[in-house]
Amino acid sequence: MCSICNFSIISLFQATRGTVKASTNFKASADAEVLQKAMKGLEYDDDLEEDVCGDTSGHFKRLLVILLQAKRQSGIQEGNIETDAQALFKAGEEKYGTDEQSFVTILGNRSAQHLRKVFDAYMKMSGYEMEESIQRETSGGLKDLLLAVVKCARSVPAYFAETLYYAMKGAGTDDNTLIRVMVSRSEVDLLDIRAEFRKMFACSLHSMIKGDTGGDYRKTLLLLCGGDDA
């Protein structure tokens, strides 16, 4: 089994143990079947979906299961763009309280291309970016997971660039996140992540790793990173 699968599975498995925390450092539509099959062959003798269901609850659990099942619609459903935007608006900003199930259903099942169109329509309709409404209308693990879904729909490389930046920014380093992302994306889209990192944060991923880590750990991460985009 490849190390990319191992890191993705272990990340999600650990996230469902103890503290309920959204762990979304994988692309569910591409990886879910691989994750589920590999989970049964890893050191954990569990079915991934069953384990998630056992250790999470509510709408957070429902969205995780939808993402794991990886049955998103393909392409853009032109006739549903305005309908979906209106449904999200009615479920949140236009409503006292929040119909969280509508957010889970639409954001969990539509394609990334379709969702980008929905986000544009939603902005015109409500005056809010989708991320703003999620921040205002939801909370806890569900909020974090919904935000991750939206960010990945907009740009997967940008999402991981942001994840890496905040894993190193400030006092201390979130080593688990840093290792997980660097290993799992090194053979997927790390060049794109590096480009987004440079554009978003005015420094290179290479230079931030170099300044935030040390020893053999730093050498290994820099080898995974590759060149410096300074």
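The values are calculated or read from the model by the stated rules, or taken from the named source; none is laboratory data. What you see is a predicted model, and the numbers here were worked out from it, not measured in a lab. Heads up, the Cβs are rebuilt from the backbone with ideal geometry, glycines too, and the neighbour counts pull from every protein chain shown.
Count, please, the residues in region 86-101 that happen to be crowded, with 16+ Cβ neighbours inside 10 Å and within 21 Å of the chain's Cα centre (by Cα).
Total meeting the criteria: 2.
With the requirement that a residue be basic (Lys, Arg) and surrounded by 17 or more Cβ atoms within 10 Å (Cβ to Cβ), what does region 157-184 give you? First the steps, then the outcome.
Initial filter on region 157-184 (basic (Lys, Arg)): 169, 180.
Once the filter is applied, which keeps residues that are basic (Lys, Arg) and surrounded by 17 or more Cβ atoms within 10 Å (Cβ to Cβ), region 157-184 yields only ARG180.
Matching residues to (1) in a helix (DSSP H, G or I); (2) at pLDDT below 90; (3) touching a Cys at 6+ places or on another chain (Cβ under 6 Å):
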position: LEU142; (1), (2), (3): yes, yes, no
position: ALA148; (1), (2), (3): yes, yes, no
position: ALA153; (1), (2), (3): yes, no, no
position: PRO157; (1), (2), (3): yes, no, no
position: LEU164; (1), (2), (3): yes, no, no
position: GLY170; (1), (2), (3): no, yes, no
position: ARG180; (1), (2), (3): yes, yes, no
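Determine whether SER3 is under 26 Å from ALA158 (Cα atoms), exposed (fewer than 15 other Cβ atoms within 10 Å of the Cβ), modelled with pLDDT under 55 and of a type in the set (S, T, N, Q). It would help to see each step written out before you state the result.
On the way: under 26 Å from ALA158 (Cα atoms): yes; exposed (fewer than 15 other Cβ atoms within 10 Å of the Cβ): yes; modelled with pLDDT under 55: yes; of a type in the set (S, T, N, Q): yes.
Yes, satisfied.
Here is a check on your reading of the model: is LYS117 within 22 Å of the chain's Cα centre (by Cα), basic (Lys, Arg) and modelled with pLDDT under 95?
On the way: within 22 Å of the chain's Cα centre (by Cα): yes; basic (Lys, Arg): yes; modelled with pLDDT under 95: no.
No.
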